[in-house]
Amino acid sequence: MKPKILELEQARKDSAAFPYVLVRELSRVWLGERQRAELNWDEATELRFFNDTSELRFFGGAGRLQAVLLADEAEDKCHDRSFPLAHNGAFGRELTVREYLDFDEDGQLYVKATRLKGWVK
């Protein structure tokens, strides 16, 4: 997984192809299906569009977002973890996170990056 910095307007268009999104705006947090999301790009501080193989992440201050694509590569060492969600199902039941693993100079395994991978209603 090598993050790829993207041009903002093209990344916004590309976000429509992802089935799920985690939205953080100044006034709310929302997790769910992309087609049901009401996005306020001017108020967004972080948006994470994701599917089974990649995540399109927008981050930064409101009105000053940057975009990066995190995608699986064949040589990646990965581990998936699932987390139950609280709030009586208001955000769904479960979120899956992919952890990218690597070894440091002493041979110790560590998590070098994470991305969202899946969501269960």
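Derivation of every value follows stated rules applied to the coordinates shown; laboratory data play no part. Since this is a predicted model, take the numbers as computed values, not measurements. Note: ideal-geometry Cβ built from the backbone for every residue, glycine included; neighbour counts use all protein chains shown.
Quick look at the values:
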quantity	calculated
The chain - mean residue ellipticity at 222 nm from DSSP helices (-39,500 (n - 2.57) per run, n ≥ 4, rounded to 500)	-1500 deg cm²/dmol
Given charges at beta-carbon only (K, R positive; D, E negative), |dipole| of the chain in Debye	500
Length-normalised contact order for the chain - Cα pairs under 8 Å, 6+ apart - percent	22
The stretch 1-85: trypsin sites (Lys or Arg not before Pro) in DSSP loop, at most 16 other beta carbons within 10 Å	ARG28
P(r) histogram, all alpha-carbon pairs of the stretch 77-120 included - 10 Å bins from 0, percent	28, 38, 23, 10, 1
Debye, to nearest 20: dipole size of the stretch 4-71, +1 on Lys, Arg Cβ, -1 on Asp, Glu Cβ	80
All-pairs alpha carbon distance profile, the chain, 10 Å steps from 0, percent	13, 41, 33, 11, 1
Once the Cα gyration tensor of the stretch 4-71 is diagonalised, semi-axes √(5λ) in Å	16, 15, 9
Of the GluC sites (Glu not before Pro) in the stretch 16-121, those whose Cβ has at most 10 other Cβ within 10 Å and which sit in DSSP loop	GLU38, GLU73, GLU75, GLU105
Proximal lysines relative to LYS2, as straight alpha-carbon distance under 24 Å, when same-chain residues fewer than 8 apart are discounted	LYS13, LYS77, LYS112, LYS117
